[in-house]
Amino acid sequence: TRTSGFSAAAVHPATMGVSDCFLALGTQLKIEKPTKGCAIGVCDEMDGPIVKLRNGSVRKLEDYEEAKKLYSEVEEIIYLGDILFSFGDVANRNYELLKSGYVEEWWALELRKAAGEEKIELDKRKVGIESAIELSKKYNIPLHPSYIFYWKEISYEHFFGLLDWLAHGNIVGKKIVLPYSIQDKERFVKGKRALELIGCEHKVSIENVVLEDPHSRALLINLGMDIDILNLEKEIDYIAKIISESPVLDVVSHLSKFKIKDKSGTFIGSRMGRPEKSKL
C-alpha cells in the first residue's frame, strides 16, 4: 500500500485500536516469517480483529474508533486481524510464498475468470449476502470471504459441540436463537467456543445467544442449510449422520452447496522490536 513498502508491513487500523496502540505507525516488529523484522503501516482494505467482549458477545471490528471505544470491554482478542506484506519482501529474502487465507482479491479474480468477457461492476469488499449467493450459483465460484469462517481452527469435538447447540436452537425470522441459561452454559461450552473460534459474530443476552443476519444465514449456508428451514434439529441430526471424521473444513465444504475456502491461511508470530527505532 502507499503507507507500507519494503520492510514495512501493514495492519488494520482497528488492530491498532484494540491493542491500545501498542501497534502504531512506525512500530518495529520482530516476526517469525517471511522476514526478520518490519515497521508497521496501516491498511483498511483487509480484515480487522475479532474480539470476545466481557459479556461473551463476539464482534468483528471494522474501524479504529470502534476498536478504541470497545478496548476496555474486550476480554479476549480471538484474531488480531490481517498483516500485509509486499511481495518484494518475500522475493528479496528468497522466502517461500506464504499461503494467504481466502480474501476478496482472490474471490474477485475467480469471478472475473468465470465471467469471461461479461463485465460485472461491483465493490469486491461490499458484496451483500444475496449477491454473494447469486454470483456463486451463477458462476460456480466459492462463497465470498465475508461469509465464510475459520473452520480449520476448530477440532472435530468442537464441531460436534456446535452442531449439538444448533440442534437445540430456533430460527426466529432471520435470526438464530440459541439457549444459554446457567445450565446451558455448562452443556454447550464446546459449541460456544467453536462459535468464537470460527469468528462468527453473535450477541449474548440474558438466557440466549443470538446470531443476526447476515451471520445467521452465512453459518447455515456453510453447513448446507437455509434460513427458511422449519426444523433445525431434524436438519442437524441428518448432518451428524452423514459426516465422516475428516478435517472440519473438508466436512463443511462437503455439506455446503458452495465451495468453502480456507479463511485461515498462515498465522505469523511477532513481538515488538526496539521501541526507540520508531521514534523518528
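Observations on the structure shown:
- Seen against the Cα atoms of the chain and their longest principal axis, helix 156-167 is set at about 50 degrees.
- Cross-link partners of Lys137 among aspartates and glutamates, defined as those whose alpha carbon lies under 17 angstrom from its own and excluding same-chain residues fewer than eight positions apart: Glu110, Glu118, Asp226.
- Taken over the Cα atoms of the chain, the convex hull encloses 151 Å³ per residue.
- What a 1.4 Å probe finds exposed on the chain is 50% carbon and sulfur by accessible area, rounded to a whole percent.
- For the chain, adding -39500 (n - 2.57) for each run of n ≥ 4 DSSP H residues and dividing by the number of residues yields -9500 deg cm²/dmol at 222 nm.
- Compared with the dominant principal axis of the Cα atoms in the chain, helix 232-242 is inclined by about 80°.
- Pairs of lysines in segment 1-115 whose Cα atoms sit within less than 16 Å of one another amount to 6, provided the residues are eight or more positions apart or on different chains.
- Hits among lysines - C-alpha to C-alpha of Lys174 under 16 Å, sequence gap 8 or more where chains match: Lys203
- Sorted on the mean count of surrounding Cβ atoms within 10 Å across their residues, most packed first, peptides 88-97, 40-49 read 40-49, 88-97.
- For segment 111-197, with +1 on Lys and Arg beta carbons and -1 on Asp and Glu, the positive-most of Phe159, Gly173, Leu122 along the dipole: Leu122
- Remark: relative contact order (segment 156-253) = 34 percent; criterion is Cα-Cα distance under 8 angstrom and separation of 6 or more residues.
- Accessible solvent surface per residue of the chain, calculated while the other protein chains remain in place, 1.4 angstrom probe, Å²: 54 Å²
- In Å², nearest 10: area of Thr266 left accessible to a 1.4 Å probe: 50 Å²
- Positive-pole candidate from Leu249, Met225, Gly265, dipole of segment 218-271, charges at beta carbon: Gly265
The values are calculated or read from the model by the stated rules, or taken from the named source; none is laboratory data. Note that the structure is a prediction, hence the values are computed from the model and not measured. Don't worry about glycine lacking a Cβ; one is built from the backbone with ideal geometry, like all the others, and counts go over all protein chains shown. Quick note on the areas: whole protein, heavy atoms, side chains included, nothing else; ligands and nucleic acids left out. Shrake-Rupley method; radii C 1.70, N 1.55, O 1.52, S 1.80 Å.
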